[in-house]
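Below: one structure, written as structure tokens.
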Amino acid sequence: MKKQSISAFGLLLLTLLLVACGSASTTTGAGAADANSVQMTLYAADQKTVNAIYQTTDQNNVQKLLETLKAAPALPNNTPCTRQAGPGYGLVFNQGDKQEKVSIDESGCGTIRFSQTDTRRLTADSKDILMQLITEAKAAFQPEKVDATVRGVDMNPSLQKPTVVDKEKVQKLYDAIEKLPPLDQKKMCTMMAGPHYDLTFYQGKQEVKVTADQSGCGTVFFNDDAGHIKQADQSFWKLLDETLMLGLKK
């Protein structure tokens, strides 16, 4: 009778252990949900200045990017790296009701950081997928509002800070910027001073920053793509001022 009681107790204990293991396994599975969207903050080379914030719900490529980042090789301590500066990216992956944050720094060796103790080397595959997602998000961006900081001639302190929420006007201005031709690198520019515009376009939580300077050649560029400077003409400057409802003297 005593042996039977011990056996029954052992069977009960084994059952409880199996149930506990099963519960732990289920919890792990729920936490490992695929990433269904990502917010991408694009930083300048100082790793602090925000140039743009994009979001995408391209689930297949979002999950592929996260998997590729996690598969990247570790960066050994004391790895010699160059001093070359590069942009940075702050990524927030949404996985059901959870988030996973990853930072990428293209400076030096090019690094991926999941935490202070988990730093990895940025791979070409990871960067290619990230650039694809950013390109897709840019193409889908449809601004609803624009904030502007406008400085007068010679960057004097007299600032104007208009905000435009007319979606049609904001979209028309954004489209005009995208359609501007590239600056002719051989063009001779004047020394004439003109107003300077810092523009921030918004769509929900997304934002895109643009710099426009009417001095000299009169140039415009997206801050996250400053290497591609655009050439503006008088019709663009007129549209810009009309959109912002300004009356700056040229």
Given Cβ charges of +1 for Lys and Arg and -1 for Asp and Glu, the option among Ala72, Leu91, Ala52 whose Cα lies farthest towards the positive end of the dipole of segment 37-100 is Ala72
Roughly how many percent of the accessible protein surface of segment 183-225 is carbon and sulfur, given a 1.4 Å probe and a whole-percent answer?
55
How much length would be gained if the chain were fully extended between Ala193 and Asp175, taking 0.36 nm per residue of separation minus their Cα-Cα distance, in nm to one decimal?
3.9 nm
Per residue accessible area in Å² of segment 58-158, where ligands, DNA and RNA are left out and the probe is 1.4 Å
57
Keeping the other protein chains in place, figure out the carbon and sulfur percent of the accessible area of segment 93-149, with a 1.4 Å probe.
42
Theoretical gain in end-to-end length, Ala124 to Asp233 [0.36 nm per residue, Cα-Cα removed]:
35.4 nm
Rounded to the nearest 20 Debye, what is the dipole magnitude of segment 99-156 about its Cα centre when Lys and Arg each give +1 and Asp and Glu each give -1 at the C-beta?
100
Between segment 76-106 and segment 162-183, how far is it from one alpha carbon centroid to the other, in angstrom?
31
Backbone HN-Hα couplings from phi across segment 170-176 [Karplus 6.51/-1.76/1.60, Hz, Gly and Pro as x]
5, 5, 4, 5, 4, 4, 5
For every other residue with a beta carbon closer than 15 angstrom to the beta carbon of Val165, add +1 if it is Lys or Arg and -1 if Asp or Glu, then tell me the sum.
0
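When the dipole is taken about the Cα centre of segment 125-212, and only Lys, Arg (+1) and Asp, Glu (-1) are charged at their Cβ, what size is it in debye, to the nearest 20?
For segment 125-212, the charge dipole is close to 200 debye.
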Could you please report the charge total around Glu242, scoring K, R as +1 and D, E as -1 over all other residues with beta-carbon less than 11 angstrom from its beta-carbon?
+2
Filtering trypsin sites (Lys or Arg not before Pro) in segment 142-226 by DSSP loop and by at most 15 other Cβ atoms within 10 Å leaves Lys186, Lys187, Lys205
Measure off 7 Å from each Cα along the Cα-to-Cβ vector at Gln99 and Asn60, then give the distance between these two points in nanometres to one decimal.
2.8
Can you give the net charge of the other residues whose Cβ lies under 9 Å from the Cβ of Thr219, counting K and R as +1 and D and E as -1?
0
Top to bottom by accessible area (1.4 Å), largest first, where do Val153, Val102 land?
Val153, Val102
Positive-end extreme of charge dipole, segment 103-250 - chosen from Gly152, Leu240, Ile177 (charges on Cβ)
Gly152
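The values are calculated or read from the model by the stated rules, or taken from the named source; none is laboratory data. Computed from a predicted model, the values in this text were never measured in an experiment. A quick note on method: Cβ atoms are made from the backbone with ideal geometry, for glycine too, and the neighbour counts reach across all protein chains shown. Remember, those area values only see protein heavy atoms, side chains included, never the ligands or the DNA or RNA. Shrake-Rupley method; radii C 1.70, N 1.55, O 1.52, S 1.80 Å.
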